[in-house]
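The values are calculated or read from the model by the stated rules, or taken from the named source; none is laboratory data. Fair warning: this is a prediction, and the values are worked out from it, not measured in the lab. Cβ atoms come from the backbone with ideal geometry, glycine included; neighbour counts cover every protein chain shown.
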């Protein structure tokens with residue numbers, strides 16, 4: 001009788017420890033997946049942000065070139081007007097209009113650049129948010145896997161309960 005109770009307790013203990021070991025292995029695997037997934041997400045974030053930085057840099061360079069070219073065009077137009085040796089009120093208005101057009105173009109470029117900078121900042125924030133979301137999902141999965149591991153106390157309690165049930169069943 002005693003050996004039957006001991007066998008029941010031993011089998012229950014072995015089964016509980018095997019389940020605990022399997023759950024631990026699954027949790028360890030979830031952790032390894034988390035580490036690899038977060039590393040991939042971080043690499044992806046860096047690559048996206050580098051591409052966004054390069055794109056922004058190209059926009060700024062192009063805008064600076066456009067602004068410079070328009071300034072040169074305005075200076076050439078002014079020089080051409082001055083070389084024509086005209087004078088008078090209409091000539092002054094033509095010069096002012098030429099300067100106003102150049103200034104409007106430069107302001108348009110400045111506003112476009114400012115808008116592009118704001119969009120760039122939002123895009124960078126979006127890549128950061130995507131990374132954080134992925135990282136949090138992996139962490140949650142890992143925590144859930146570790147929470148599934150039965151405690152040693154619950155395994156021992158299960159083995160003891162099994163032994164007690166066997167003892168009760170044998171004594172009936």
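Tabulated data for the structure shown
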read-out: Sole residue being surrounded by 14 or more Cβ atoms within 10 Å (Cβ to Cβ) and modelled with pLDDT of 95 or more, chosen from 41, 74; value: 41
read-out: Residue count for the stretch 101-118, restricted to those that are out of contact with any helix residue (DSSP H, G or I) (no Cβ under 6 Å at 6 or more places or on another chain) and surrounded by 12 or more Cβ atoms within 10 Å (Cβ to Cβ); value: 6
read-out: Filter result (farther than 30 Å from residue 5 by Cα and surrounded by 13 or more Cβ atoms within 10 Å (Cβ to Cβ)) within the stretch 141-163; value: 141, 142, 143, 145, 146
read-out: Lone unmet requirement of (1) at pLDDT below 95; (2) surrounded by fewer than 16 Cβ atoms within 10 Å (Cβ to Cβ) for residue 98; value: (2)
read-out: Residue within the stretch 59-68 that is more than 27 Å from the chain's Cα centre (by Cα) and farther than 30 Å from residue 125 by Cβ present; value: yes
read-out: Of all residues making up the stretch 16-31, the number that are touching a helix residue (DSSP H, G or I) at 6+ places or on another chain (Cβ under 9 Å) and either surrounded by fewer than 13 Cβ atoms within 10 Å (Cβ to Cβ) or touching a residue at least 40 places away in the same chain (Cβ under 8 Å) (or both); value: 11
